[in-house]
Amino acid sequence: MKIICIGRNYADHAKELNNEVPKVPVFFMKPENALVYDNKPVFYPDFTKDLQYETEIVVKISRLGKNIEERFASRYYEEIGIGIDFTARDLQRDCMKNGLPWEIAKSFDNSAPLGTFLPKSQFANIQNINFHLEINGERRQSGCTKDMIFSIDTLIAYVSQFNTLKTGDLIFTGTPVGVGPVQLDERLQAYIEGECLLDFRVK
Ligand code: MG
C-alpha cells in the first residue's frame, strides 16, 4: 500500500508557511513504515529539533482505479479518518532552500500516526467535516474540509492520473492553518466532529 500526502491544500496554511497557493494539487508520499496504529507512542527522532504536527483528514481507498473521473471519485472510498503528517520542519526548510525533495523531512519512520476510521455514510457532506487537534487537553489546530482548495474527489482524480490507486491506499488530504511543534511527553488527541479517534503520546 502507499500513503499519498497532499501539500498546501488549505490557503491559510500555505500562507502561514509563506508558500504560494497552488493552482494544481501538490503531493508527495510516505512509506508504509511511517504508519503508527493503535495509539502507540511516536518517538521524537534524533535528526530534528523541530518536529511539527499537521492534523489531516485521511481517506482510505476502497477499490482499484486509474485515471478516475472526478464525478466518479466518491465510489473509490468508503471510510474517512484522521492522522498526523509529522514533519521535521527544520529539515524541510533546508530541503526547500536548496531546491531538494522533502523525503527526509516528511517520509521517516513513525511520521504518520493514524486514527480509527469512520464510514463516510456517517457524514451528510464530506466537504463539510470539522476536525481538530488537542495537545495536553488544549485545542491547538482546527479545520473544516469546506476550506480545502482541492476537494477530496478532485484530489483522487488528480493523483490517479499519475498513480494507480489500490484498495487500502491512504490519502492524507492536507493540513489547515495552525501547525506547530510538539514536545516530549505531550499527549496528542485528534477529533472528527467532536469524536476522539486518535490519542497518543510523543516519547
Ligand atoms: Mg501535511
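The values are calculated or read from the model by the stated rules, or taken from the named source; none is laboratory data. Not measured: the values here are computed from a predicted model. So basically every Cβ, Gly included, is an ideal-geometry build from the backbone, and we count neighbours across all protein chains shown. Only protein heavy atoms, including side chains, enter the accessible area calculation; ligands, DNA and RNA are left aside. Shrake-Rupley method; radii C 1.70, N 1.55, O 1.52, S 1.80 Å.
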Item to check | Accessible carbon and sulfur surface of the range 1-48 relative to its total accessible area, %, 1.4 Å | outcome: 53 percent
Item to check | Structure-based [θ]222 nm, the chain - -39500 (n - 2.57) summed over DSSP H runs of at least 4, per residue, nearest 500 | outcome: -4000 deg cm²/dmol
Checklist entry - Karplus couplings for the range 33-38 from phi (6.51 cos²θ - 1.76 cosθ + 1.60, θ = phi - 60°), rounded to Hz, Gly and Pro as x? => result 6, 6, 6, 10, 10, 6
Checklist entry - Please identify the GluC sites (Glu not before Pro) of the range 150-203 that satisfy two criteria: DSSP loop assignment and at most 14 other Cβ atoms within 10 Å. Which are they? => result 193
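In the range 27-72, what GluC sites (Glu not before Pro) fall in a loop by DSSP, with at most 13 other Cβ atoms inside 10 Å?
Values: sites: 32, 54, 56, 69, 70; in loops: 54, 69.
For GluC sites (Glu not before Pro) across the range 27-72 that sit outside H, G, I, E and B with at most 13 neighbouring Cβ atoms in 10 Å, the list reads 69.
Just need the relative contact order of the chain here, percent rounded to a whole number, with Cα pairs under 8 Å and 6+ apart. Working shown, then result.
Details: 491 pairs, mean separation 69.6, N = 203.
Result for the chain is 34 percent.
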Next on the checklist: Explain nothing, just compute: Karplus ³J(HN,Hα) = 6.51 cos²θ - 1.76 cosθ + 1.60, θ = phi - 60°, for every residue of the range 66-83 in order, whole Hz, x for Gly and Pro.
Outcome noted: 9, 6, 6, 6, 4, 5, 9, 4, 5, 6, 9, 8, 10, 10, 10, x, 9, x
Next on the checklist: Can you compute 3J(HN,Hα) from phi for each residue in the range 86-92, using the Karplus curve 6.51 cos²θ - 1.76 cosθ + 1.60 with θ = phi - 60°, rounded to whole Hz and x for Gly and Pro?
Outcome noted: 5, 9, 7, 4, 5, 5, 4
Checklist entry - Label-point separation (nm) for residue 163 and residue 121, each offset 7 Å from Cα along Cα-to-Cβ? => result 2.9 nm
Checklist entry - Leaving out same-chain residues fewer than 8 places away, which lysines sit with a Cα under 27 Å from that of residue 15? => result 23, 30, 49, 97, 106, 146
Checklist outcome for this item: Placing each pseudo-label 7 Å from Cα in the direction of the beta carbon, residue 195 and residue 98 end up separated by a distance in nanometres of 4.4 nm
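Find how much the distance from residue 185 to residue 66 grows on full extension, using 0.36 nm per residue of separation minus their present alpha carbon separation; answer in nm with one decimal. Could the numbers behind the result be given before it?
On the way: separation 119, 0.36 × 119 = 42.84 nm, distance 4.21 nm.
Between residue 185 and residue 66, full extension yields an extra 38.6 nm.
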Checklist entry - With every protein chain present, what is the per residue accessible area of the range 1-115 (1.4 Å probe, Å²)? => result 49 Å²
